[in-house]
Each structure stands twice: as structure tokens, then as C-alpha cells.
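Presented below is the structure to which this report refers.
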Amino acid sequence: MVTGDLMSKARAGNGDAFHALIQPYRAELQVHCYRVLGSLQDAEDALQDTLLAAWQGLTGFEQRASLRTWLYRIATNQCLNARRAANRRRAKEWDVPHVQPPEPTRLGEVVWLEPYPDALLEQAIHVPLGPEARYEQTESVSLAFITALQVLPPRQLAVLVLRDVLGFHAAEVADMLDSTVDSVTSALKRARAALQRRQPTAADPAPAPGSAAEGAITAKFVRAWESADLDTLVALLTDDVFISMPPVPFEYEGRDLAARFCAGIFGAGRRFDLVPTRANGQPAFGAYLRGTNGISHGTGLYVLALAGDRISAMTRFDNAVLPWFGLPRSLPSR
């Protein structure tokens, strides 16, 4: 009855009623847009376009599907439009002063990737999933999963997220995409196969978020990084550890290359302070370069992927993302 009353008022042009009507879905819609687009900034733009389209089209909403399903239809198509526009962030040149990185293993494709603060995820991670869902919600926001999604063709990506992550039925997805069940089923089969080929599989599962085991690994990492203890740091890495740094396209695979990369970062007496946070359901750290004046300046954000008691991946983002995590641009050196 309350929802029906809000719907009537919103259709009559009451903005407050519309806000109250869609507010329960706002956080999960933003995460949905992030999965499709891989960028928090692009996801926020797509969310705003979704809400505007919903406001303008509310009188035409016939309620044959739920309001949530209708909003997902709009959001998905807004994201697909954004993908077609191809106005994505471009690759950036390496710009760390006095540090010459080693030759990368390869150049990454997904240079527009951005981290997603756990503070925002907490509002959306317990959304109701349909019976078709195949992924845990935390797994489906990991950086490895988001990166693997980005290289899928747009409609395959949308179908996989709607079917396997959110659990919508094939008929619902076909309606959202103005397609057929057969077409959705075929796209899903191809998307699953492509995702399986590209998504790395860890030999050991990651420890539970916030667990003592996770805390032990990250504490060792912090001590090693802040003291520039390269031997201890390298001992924490898996043999096939993977390092990336969007929007810089350099990617490094394997412990030897990772050691050379980290040695370059620590070179010339560079020392850091790390401030813990969380991104994409994973431990993360704001990195601050210690200055000669007692001030440490933010240089970026590191997000770790764990496998057993080792670090299997590290993704470095530039310092522009620090405010998204409530982290300052600079702080007093320790």
C-alpha cells in the first residue's frame, strides 16, 4: 500500500515520492553499472542517466514486471549505450619520477578500470538474488572478475551479469534487452566460456574478509612495504603473482618481475606510509611517499588479491581515487 501510494504520487510529479520509491535500489543499481562499465565514475554517470530516464518514463511503466526489474532494464541499456559511445579513459604513460619500471609482461586492455569502495558495497551486497545466480556477491565485485567482464562483448557481458550474477530468468533478460530467450541462452554460453578462459583461478582460496588470517597477511605486507624489505615482500607473493596499474597499461606476471618492479619503487631511498582501507571486497592501502618536510604525499592506492597465505595480485591505482575512500591527499609522516 505504501509503495502504491508512492507510485501514484510520483506519477503525478512528486519528486520526493519518486526519490523514496527508487532509493532502496540505488546502491545495487550503481554496483550493476560498475560491473558493466568497470569504472566508478562511469557507473555514477550511468546511474544518473538511469534515474532521469526512470523519472521521465514512470507514467509509461505498466507494472508488468517489478519496479526493480524495470529499473535494471533501464540501467542495463544505459550502460550498453555508454559502452557503444566508447568515450573511455585512455592509457596513461608511466609518470613516477626517478623510477624506471622493468619491461612489462604485456600491455593491459582495461585501462579504464577503477576501484569500488567497500563503504559503497556494504549498501548493496545483500541484494535479493534470483534462483539463477551462480556467483557470490563478493566474488562478483572482485577486481579480477570485473576485469574479465570488461573484455566480453557488451551484450554478452550484460547477459552474464543479469543471469549469473543477479539471477534473473532468461525470459526476463530477453525482455530487458529486447531479445529472445534463444539469443540470451546463446550469448550466456559464449560469455561463460570466454570468462572461464580469461579469469585467473587461485590455487588456494582467499581468507575470509576481516578474518585473522587476512589480517596476518596484510600486516606482513605493510611491514615489508613501509620498511622497503624486498626479500620479505617477495616471500609473500605467489609464484604467478600479477601486478597491474590502470590507467598505465603495464602488467607484470611472476615473482621475479614483481620483485624487479618493487625494487624500482623502493629505489632512490623512497619510503612509504600505508593507510588501510578496502576496495572491491579486498584489502587495500593508500600509499603515501614520505617527504623531507615531515609530510607524506599520496601517490596511489594498492588493492591486494590473496590466495591462501600469499598475495596473488596487486593492482595500483593513481592518487586521484584516494578521496573516494575518505583518504587525504597528504598526511604527517610517521
Trypsin sites (Lys or Arg not before Pro) restricted to DSSP loop in region 24-73 with at most 11 other C-beta within 10 Å: Arg64
Which net charge results when you count Lys and Arg as +1 and Asp and Glu as -1 among the other residues whose beta-carbon is under 14 Å from that of Val248? -2
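Would you work out the charge dipole size for region 212-332 about its Cα centre, treating the Cβ of every Lys and Arg as +1 and the Cβ of every Asp and Glu as -1, and quote it to the nearest 20 debye?
Working: 11 positive and 12 negative charges, 87 e Å.
About 420 debye.
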Just want the answer: with Cβ charges of +1 for Lys and Arg and -1 for Asp and Glu, which residue in Ala171, Leu160, Ala82 is farthest toward the dipole's positive end in the chain? Ala82
One-quarter of the Cα convex hull surface for region 48-96, in nm²? 5.0 nm²
Bins of 5 Å from zero: percent of alpha-carbon pairs in region 267-334: 4, 18, 26, 23, 16, 10, 3, 1
Which of the aspartates and glutamates could be linked to Lys9 by a straight reach, that is with a Cα gap under 19 Å, when you skip same-chain ones fewer than 8 residues away? Glu62
How charged is the neighbourhood of Gln63? Take every other residue with its Cβ under 15 Å from the Cβ of Gln63, and add Lys/Arg as +1 and Asp/Glu as -1. 0
Whole-number Å³ per residue for the convex hull built on Cα positions in region 212-332: 104 Å³
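With r as the distance between the Cβ atoms of Thr185 and Gln63 and R0 = 30 Å, compute the FRET efficiency 1/(1 + (r/R0)^6) and round to 0.05.
E between Gln63 and Thr185, to the nearest 0.05, is 0.65.
Which percent of the Cα-Cα distances in region 6-70 go past 16 Å?
Working: 965 of 2080 pairs.
I get 46 percent for the Cα pairs in region 6-70 exceeding 16 Å.
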The alpha-carbon pair-distance distribution computed for the chain, with 20 angstrom bins and whole-percent values, is 29, 53, 17, 1
Output for region 76-141: GluC sites (Glu not before Pro) sitting in coil per DSSP, at most 16 other Cβ within 10 Å, listed by number, reads Glu93, Glu109, Glu122, Glu136
What angle do you read, to the nearest 10 degrees and between 0 and 90, between the alpha-carbon axis of helix 15-37 and the longest principal axis of the chain? 50 degrees
Taking the reciprocal of mean 1/r across every pair of different Cα atoms in region 178-277, the Kirkwood radius in Å is 16.7 Å
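Using the Cβ atoms and a cut-off under 12 Å, what net charge is assigned to the surroundings of Tyr116, where Lys and Arg are +1 and Asp and Glu are -1?
Working: positive: Arg35, Arg278; negative: Asp42, Glu44, Glu114, Asp118, Glu122.
Summing Lys and Arg as +1 and Asp and Glu as -1 gives -3.
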With runs of 4+ DSSP H residues as the only contributors, calculate the mean residue ellipticity of the chain at 222 nm using -39,500 (n - 2.57) per run, divided by the residue total and rounded to the nearest 500. -13500 deg cm²/dmol
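List the equivalent ellipsoid semi-axes of region 110-260 in whole Å, largest first, each obtained as the square root of 5λ for an eigenvalue λ of the Cα gyration tensor.
35, 18, 13
Rule-based calculations on the coordinates, nothing more; no lab input. What you see is a predicted model; the values in this text were computed from it and never measured. Cβ atoms come from the backbone with ideal geometry, glycine included; neighbour counts cover every protein chain shown.
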